[in-house]
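Just so it is clear, none of the values below were taken in a lab; they were calculated from the coordinates. What you see is a predicted model, and the numbers here were worked out from it, not measured in a lab. With ideal geometry, Cβ positions are generated from the backbone for all residues, glycine too; neighbour counts draw on all protein chains shown.
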Amino acid sequence: MVVPGALVGVFTSDTAVIRDATPYLRSAGAAQLVMAYENVLEGGLSGAGYTFYTMVAVVGISALRVPLAEIVAGPYGPAGVWWMLALTAIARAAAMTALWQWGGWERARA
């Protein structure tokens, strides 16, 4: 298993950077499969011409990142912000799954 700190160490030897980047790599790594799933569904919905609700979901959830980052930064620091980014990626994947399941995209015109 590769230690995230070792990955950051490829780019810098600054211990403060390694300390702060390690939680980011852990949270980003945990969300990678979900983010790929979300990207595939978003691309499929957009390619089918179902762009409006797809855009509303993606932009709406992404816009929540700024106030949520402010809320979690105080008690949890940078690690809280990184995990919040991962959780909002999961929320976008859930939104794309819901849009796909509801089937409105089948009636869209590209």
Tell me, what HN-Hα J-couplings in whole Hz come from the Karplus equation 6.51 cos²θ - 1.76 cosθ + 1.60 at θ = phi - 60° for each residue of segment 81-97, using x for Gly and Pro?
5, 4, 5, 5, 4, 5, 5, 6, 5, 5, 5, 5, 5, 5, 5, 5, 5
Could you go through segment 42-58 in sequence order and give the Karplus-derived ³J(HN,Hα) for each residue, using 6.51 cos²θ - 1.76 cosθ + 1.60 with θ = phi - 60°, rounded to whole Hz, and x for Gly and Pro?
4, x, x, 5, 5, x, 7, x, 8, 9, 5, 5, 4, 5, 4, 5, 5
Of Leu64, Thr12, Gly47, which is farthest along the charge dipole of the chain in the positive direction, counting Lys and Arg as +1 and Asp and Glu as -1 at C-beta?
Gly47
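Determine the calculated [θ] at 222 nm for the chain from helices alone, applying -39500 (n - 2.57) to every DSSP H run no shorter than 4 residues and normalising by the residue count; nearest 500 deg cm²/dmol.
Details: 4 runs with 88 residues, N = 110.
Rounded to the nearest 500, the figure is -28000 deg cm²/dmol.
Rounding to the nearest 20 debye, state how big the charge dipole of the chain is about its Cα centre with +1 on each Lys and Arg Cβ and -1 on each Asp and Glu Cβ. Intermediate results must be reported in sequence, preceding the final value.
On the way: 6 positive and 6 negative charges, 35 e Å.
In total the dipole reaches around 160 debye.
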Only Cα pairs within less than 10 Å get springs; with that Gaussian network setup on the chain, which residue of Val72, Val58, Val17 has the largest fluctuation?
Val17
Enumerate the calculated ³J(HN,Hα) couplings along segment 13-22 in order (Karplus 6.51 cos²θ - 1.76 cosθ + 1.60, θ = phi - 60°), each rounded to whole Hz, writing x wherever the residue is Gly or Pro.
10, 5, 5, 5, 5, 4, 4, 7, 7, 4
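Can you sort Glu38, Glu106 so the residue with the fewest Cβ neighbours within 10 Å comes first?
Lowest count first: Glu106, Glu38.
Which value, to two decimals, describes the C-alpha radius of gyration of segment 32-104 once divided by 2.2 N^0.38 Å?
On the way: Rg = 13.4 Å, N = 73, 2.2 N^0.38 = 11.2 Å.
Ratio of Rg to 2.2 N^0.38 Å for segment 32-104: 1.19.
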